[in-house]
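The values are calculated or read from the model by the stated rules, or taken from the named source; none is laboratory data. Note that the structure is predicted; figures quoted are calculated from it, not measured. Cβ: placed from backbone, ideal geometry, glycine included. Neighbour counts: every protein chain shown. Remember, those area values only see protein heavy atoms, side chains included, never the ligands or the DNA or RNA. Shrake-Rupley method; radii C 1.70, N 1.55, O 1.52, S 1.80 Å.
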Amino acid sequence: MHENSVSILIGVIGGFLSYCFDISPFFEVLLWAMSIDIIVGVLASFIHPRLMFNSKRLARGICKKVIILTIVAFSHHLDIMLHLDVICCTVTCFFISSDGLSILENAAKCNLPIPNVLVKSLEQIKELSMDNEHKKR
């Protein structure tokens, strides 16, 4: 009886997730990028001497990933409602690129070789985000 309950629960969760998300190649890449970002971030905290593993920071990061998935699910349903395929693709690609930059940033913290073009782009993005933070205050 217990095995059936677990199977039913997994089926309900799977059904809900397939209803919320369009399991497209873009969504698969987003899930991979999110997973790799979390893993590389945790590994960077152990490799880099100044970074300390912080479970609260990890929990905040995972919460942000859940919010991102919620936004992607919402954009998917907007596409369904409006009979489009553009909104979800655009939103998903934006978050894929954001996680990709985070992966590169964490890899740089591990002292891995990163092409100079990407390092300069990361520095420019950091400067822009810092300027935006100062303007908000």
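Restricting attention to segment 1-29, and to residues there that are closer than 30 Å to LEU84 by Cα and of a type in the set (Ser, Thr, Tyr), which single residue is modelled with the highest pLDDT? Quick ask: steps written out before the conclusion?
Taking segment 1-29 first, the residues closer than 30 Å to LEU84 by Cα are 11-29.
With the extra rule that they be of a type in the set (Ser, Thr, Tyr), the set shrinks to 18-19, 24.
Working: SER18: 76, TYR19: 77, SER24: 83.
So the residue we want is SER24.
Which residue pairs have Cβ atoms under 7 Å apart, sit 6 or more places apart or on different chains, and have a first residue in segment 90-114 that is over 18 Å from GLU127 (Cα atoms) and a second that is among the polar types (S, T, N, Q)?
VAL91/SER75
Within segment 51-70, how many residues are open to solvent by 70 Å² or more (accessible area, probe 1.4 Å), free of Cβ contacts under 8 Å to residues at least 24 places away in the same chain and in a helix (DSSP H, G or I)? Full working, then the answer.
We begin by selecting, within segment 51-70, every residue open to solvent by 70 Å² or more (accessible area, probe 1.4 Å); these are 52-53, 55-57, 60, 62-64, 66-67, 70.
Imposing the further condition that a residue be free of Cβ contacts under 8 Å to residues at least 24 places away in the same chain reduces the set to 52-53, 55-57, 60, 63-64, 66-67, 70.
With the extra rule that they be in a helix (DSSP H, G or I), the set shrinks to 55-57, 60, 63-64, 66-67, 70.
Total satisfying the criteria: 9.
Which of the residues belonging to segment 13-50 are open to solvent by 60 Å² or more (accessible area, probe 1.4 Å), touching a residue at least 12 places away in the same chain (Cβ under 8 Å) and of a type in the set (D, E, K, R)? Steps first, answer last, please.
Of the residues in segment 13-50, the ones open to solvent by 60 Å² or more (accessible area, probe 1.4 Å) are 13, 16-19, 22-23, 25-26, 28-29, 31-32, 36, 39, 43, 46-47, 49-50.
Then drop every residue that is not touching a residue at least 12 places away in the same chain (Cβ under 8 Å), which leaves 22, 26, 29, 36, 43, 47.
ASP22, the sole residue that qualifies.
Output the number of the condition that VAL117 fails; it satisfies all remaining conditions of (1) closer than 18 Å to TYR19 by Cβ; (2) at pLDDT below 90.
Of everything listed in (1) closer than 18 Å to TYR19 by Cβ; (2) at pLDDT below 90, VAL117 misses just condition (1).
Kindly indicate which of ASN116, ASN111 is touching a His at 6+ places or on another chain (Cβ under 9 Å) and surrounded by fewer than 13 Cβ atoms within 10 Å (Cβ to Cβ).
On the way: ASN116 fails: touching a His at 6+ places or on another chain (Cβ under 9 Å).
Every option except ASN111 fails the conditions.
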